[in-house]
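Read the structure below first, then the notes.
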Amino acid sequence: MLPGARALRAAGLLRPPGAAPSTGAALRARCGPGLRPVRRGFALPAGPDLRHFLRAAAAGQPGPSPELPPEPGSIPGAPKVYLETYGCQMNVSDTEIVWAILQKNGYARTKELNEADVILLVTCSVREKAEQAIWKRLQHLKALKGRRRQARAPLRVGILGCMAERLKEEILHREKLVDVVAGPDAYRDLPRLLAVAESGQQAANVLLSLDETYADILPVQTSAGGTTAFVSIMRGCDNMCSYCIVPFTRGRERSRPIASILREVKMLSDQGVKEVTLLGQNVNSFRDLSEVQFQSVAAPGLSRGFSTVYKAKPGGLRFSHLLDQVSRIDPEMRIRFTSPHPKDFPDEVLQLIQERHNICKQLHLPAQSGSTRVLEAMRRGYTREAYLELVHHVRDSIPGVSLSSDFIAGFCGETEEDHLQTVSLLREVRYNVGFLFAYSMRQKTRAHHRLQDDVPTDVKKRRLEQLIATFREEAARANAALVGQAQLVLVEGPSKRSASELCGRNDGNIKVIFPDAELEDAAECGAPGRAQPGDYVMVKVTSASSQTLRGVPLCRTTLSRAAASH
């Protein structure tokens, strides 16, 4: 059993493979006496109530979970759900899964908060600031819920995702505002939980699973007509970094079958999506165990100088195989992936990125710190020197690659010397994109149990500001090197600041802004016209900042043609 699994199972947060979700007495026993089935308590009946079946019958379906989803809003009187997403791209993907489940069960979607019968917040728990935003939002919803109680049918409010997993009991008891709490592995149970809430009782399911990947659910894209989409390929994380709450809110690593991923990407291609990002908490540790003939395959080696807290996992189809197959579906669709761990970059992955024109030459290499001493305390499994060796190897393998990273300022025990080593790493690597945050202690993590959050808040703030300033200075230099070059840009839509300009991203995932003008078609098979979202446009860069490139459009083209011309 991997480190952390015993703790999860002992706490009742981990469900064995194939086990059904606990209900009734078992879940009440785990949650303790504070969640007994009293009027304001924690009742979980065996299934939906009569109103749920009547609603399904009104939709012309045989039961509460029909095979085919009704058209949104097509059922008179269908309850309306309002979805609000906080945090990372995984939560965006989870929102699409939640909506697919609710749509199949007779709910309609609304974008108007005041129209909603159900409000669901898909939450983040990675930092305290993210949770505070949810508590503030709930105070606003409390007033709305009070007004609704006087006007018509009660408004139901649900907390989903990582914060639900971490703070289930507090959420249910704090001011009795929330009706439904569902962890990341309990979304299939939402129709039943909402049916329980209709009777005026609170309902929750926060058990983590060893095998839930929602592989059989095709997410409903929340941005109709969008040019980009996220595809979740695996869930959970086994790395157990000392600062990270993810293993405790999303559980153990498990991967979707490759076949289900390929079906989803093909569907998105057919819908006209031009860029897909493969998602996972540790995306490049992907390991599909669904095909028996590959279950004895040897585990690939780690990046040189890297280690893990768990033993090597043999068997399964790996990330390189998935990336190869996904990139073959549509030569006009860009492929990205996030968030990887630096330990899982075998040469076959780097070679594939270099060879395939539609796999973006952009990698996220989260460093977290430039100090070997702090990296050891974080349990990252590498030294500063090993990380830099990987960066050099990546740049040698993929010329012109764009790099991004994550950094934490003020981790437990971080000295001023440790901080300056992180500053120097930012200067030495010169990232194009950065995500930098002050450390926020999370309960249940190893750091919470073993380390002291001893860096004062004002020192964290100062160090973070210095890291951000250094990153921006170096990113501006990195982006300035692109001035005068032609960049292939996938158009996303009008610029937010000017209707006369278009905005998109280049292969390196850097924002590019250029004038909306009549353009020739490089294929010489179409009349001149203005670029539309989803078009590829060749843009000559004229200026650069730390976050944005500006340029003049040269022509419309295709991904394949642009690759062939270089």
Leu113 passes all but one of the listed conditions (1) closer than 11 Å to Glu84 by Cβ; (2) crowded, with 17+ Cβ neighbours inside 10 Å; the exception is number (2)
Quick check on Arg477: is it under 31 Å from the mean Cα position of the chain (by Cα), under 25 Å from Glu428 (Cβ atoms), part of a helix (DSSP H, G or I) and free of Cβ contacts under 8 Å to residues at least 60 places away in the same chain?
yes
Inside segment 173-211, the number of residues satisfying the requirement of being open to solvent by 20 Å² or more (accessible area, probe 1.4 Å), closer than 15 Å to Leu160 by Cβ and within 19 Å of the chain's Cα centre (by Cα) is 1
Residue pairs within 7 Å by beta carbon, gap of at least six or interchain, first lying in segment 345-359 and closer than 9 Å to Ile398 by Cα, second open to solvent by less than 10 Å² (accessible area, probe 1.4 Å), listed first then second, are Leu350/Val394; Leu350/Ile398; Ile353/Ile359; Ile353/Ile398; Gln354/Ile398
If a residue must be open to solvent by 20 Å² or more (accessible area, probe 1.4 Å) and touching a residue at least 60 places away in the same chain (Cβ under 8 Å), how many such residues does segment 444-470 contain?
4
Quick check, is Ile101 surrounded by 22 or more Cβ atoms within 10 Å (Cβ to Cβ), modelled with pLDDT of 95 or more and touching a Phe, Trp or Tyr at 6+ places or on another chain (Cβ under 7 Å)?
no
Which of the following residues is touching a helix residue (DSSP H, G or I) at 6+ places or on another chain (Cβ under 7 Å) and among the acidic types (Asp, Glu): Glu165, Glu128, Glu170, Glu112?
Glu165
Evaluation of Ser255 against (1) modelled with pLDDT of 95 or more; (2) open to solvent by 40 Å² or more (accessible area, probe 1.4 Å) (one fails), failing number:
(2)
Name the residues in segment 309-342 that are in contact (Cβ under 8 Å) with a residue 60 or more places away in the chain, open to solvent by 40 Å² or more (accessible area, probe 1.4 Å) and under 12 Å from Asn284 (Cα atoms), would you?
His321
Any hit, segment 185-198, residues being hydrophobic (A, V, I, L, M, F, W, C), out of contact with any strand residue (DSSP E or B) (no Cβ under 8 Å at 6 or more places or on another chain) and within 30 Å of Gly534 (Cα to Cα):
no
What tally of residues in segment 523-543 results from selecting those that are farther than 23 Å from His357 by Cα and open to solvent by 40 Å² or more (accessible area, probe 1.4 Å)?
5
Candidate set from segment 427-443 (those that are assigned to a loop (DSSP other than H, G, I, E, B) and either in contact with a His (Cβ under 7 Å, 6 or more places away or on another chain) or of a type in the set (A, V, I, L, M, F, W, C) (or both)); member that is surrounded by the most Cβ atoms within 10 Å (Cβ to Cβ):
Arg442
Filter result (modelled with pLDDT under 95 and not small (Gly, Ala, Ser)) within segment 516-532
Glu518, Leu519, Glu520, Asp521, Glu524, Cys525, Pro528, Arg530, Gln532
When (1) within 19 Å of Met333 (Cα to Cα); (2) at pLDDT below 90; (3) in contact with a helix residue (DSSP H, G or I) (Cβ under 8 Å, 6 or more places away or on another chain) are applied to Gly226, the one that fails is (3)
I'd like to check something: does segment 278-291 contain any residue that is aromatic (Phe, Trp, Tyr), under 20 Å from Ser402 (Cβ atoms) and either touching a strand residue (DSSP E or B) at 6+ places or on another chain (Cβ under 6 Å) or at pLDDT below 95 (or both)?
no
Going by the conditions given, is Ile408 of a type outside the set (Gly, Ala, Ser) and in contact with a Leu (Cβ under 6 Å, 6 or more places away or on another chain)?
no
Would you check if there is a residue in segment 383-392 being closer than 22 Å to Lys313 by Cβ and modelled with pLDDT of 95 or more?
yes
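Residue-by-condition table, conditions (1) touching a residue at least 12 places away in the same chain (Cβ under 8 Å); (2) open to solvent by 10 Å² or more (accessible area, probe 1.4 Å):
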{"residue": "Leu388", "(1), (2)": "yes, yes"}
{"residue": "Val401", "(1), (2)": "yes, yes"}
{"residue": "Glu416", "(1), (2)": "no, yes"}
{"residue": "Leu425", "(1), (2)": "yes, no"}
Before we move on, is Asp406 exposed (fewer than 14 other Cβ atoms within 10 Å of the Cβ) and either of a type in the set (Phe, Trp, Tyr) or not in a loop (DSSP other than H, G, I, E, B) (or both)?
no
Residues in segment 165-196 that are under 17 Å from Ile97 (Cα atoms) and in a helix (DSSP H, G or I): how many?
8
Might you check whether a residue that is outside any loop (DSSP other than H, G, I, E, B), buried (at least 20 other Cβ atoms within 10 Å of the Cβ) and not aliphatic (A, V, I, L, M) occurs anywhere in segment 343-355?
no
Hey, Lys129 surrounded by fewer than 21 Cβ atoms within 10 Å (Cβ to Cβ) and either of a type in the set (A, V, I, L, M, F, W, C) or part of a helix (DSSP H, G or I) (or both) or not:
yes
Taking segment 487-496 as the search range and keeping residues that are open to solvent by 40 Å² or more (accessible area, probe 1.4 Å) and assigned to a strand (DSSP E or B), which one is farthest from Tyr536 (Cα to Cα)?
Pro494
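The values are calculated or read from the model by the stated rules, or taken from the named source; none is laboratory data. Since the structure is predicted, the reported quantities are computational estimates derived from the model, not experimental observations. Positions of Cβ are backbone-derived with ideal geometry, glycine not excepted, and every protein chain shown enters the neighbour counts. For the accessible areas, the whole protein counts, side chains as well, though only heavy atoms, and no ligand, DNA or RNA atoms are used. Shrake-Rupley method; radii C 1.70, N 1.55, O 1.52, S 1.80 Å.
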